[in-house]
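Have a look at the structure below, then the notes.
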Amino acid sequence: MDLLFSQRTIKIRMWKRIKTWIHKVLPRVTKFEENKLVYRTSQVHLASIMKLKLEEEGIHVILINKMDSSYNNFGQIELFVNQKDVIRAKYIIEKDYE
């Protein structure tokens, strides 16, 4: 019984050390977490147009295609911009194109 208990405590301590090491090595916040979703659609051409509109205004855009590759009926295309550009990006998306 004591041997089983000691092995278990050794494993718990080992995992705690590994966990603390991982937290030291890996960043808690990634660069992508600085971006926010501003537009979502299931139509590829609309996503491309919105991306071009935003890039034309000098806003860096990340386009993520989450559509199913077999059937284009499922999923969405999402546009992300940096947190500091969210309000400007939403304004550009919502205004009529000139």
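The values are calculated or read from the model by the stated rules, or taken from the named source; none is laboratory data. These numbers were taken from a predicted model, which means no experiment stands behind them. Here Cβ is always computed from backbone atoms with ideal geometry, including for glycine, and neighbour counts include all displayed protein chains.
Go through region 61-98 residue by residue and tally those that are at pLDDT 90 or above, among the small types (G, A, S) and surrounded by fewer than 15 Cβ atoms within 10 Å (Cβ to Cβ).
0
I'd like to verify a number: residues in region 54-88 that are of a type outside the set (S, T, N, Q) and part of a strand (DSSP E or B), how many?
Result for region 54-88: 9.
Does K36 meet the test of being part of a strand (DSSP E or B), within 30 Å of N73 (Cα to Cα), at pLDDT 90 or above and of a type outside the set (A, V, I, L, M)?
Criteria met by K36.
Write out, first by first residue and then by second, each pair whose Cβ atoms fall under 8 Å of each other, whose residues are 6+ apart or on separate chains, and whose first residue, in region 17-35, is touching a residue at least 40 places away in the same chain (Cβ under 8 Å) while the second is of a type outside the set (D, E, K, R) and part of a loop (DSSP other than H, G, I, E, B).
Close Cβ pairs (under 8 Å, with a partner that is of a type outside the set (D, E, K, R) and part of a loop (DSSP other than H, G, I, E, B)) do not exist here.
When you go through (1) among the charged types (D, E, K, R); (2) in a helix (DSSP H, G or I); (3) modelled with pLDDT under 90 one by one for K51, which number turns out not to apply?
Status for K51: all satisfied but (3).
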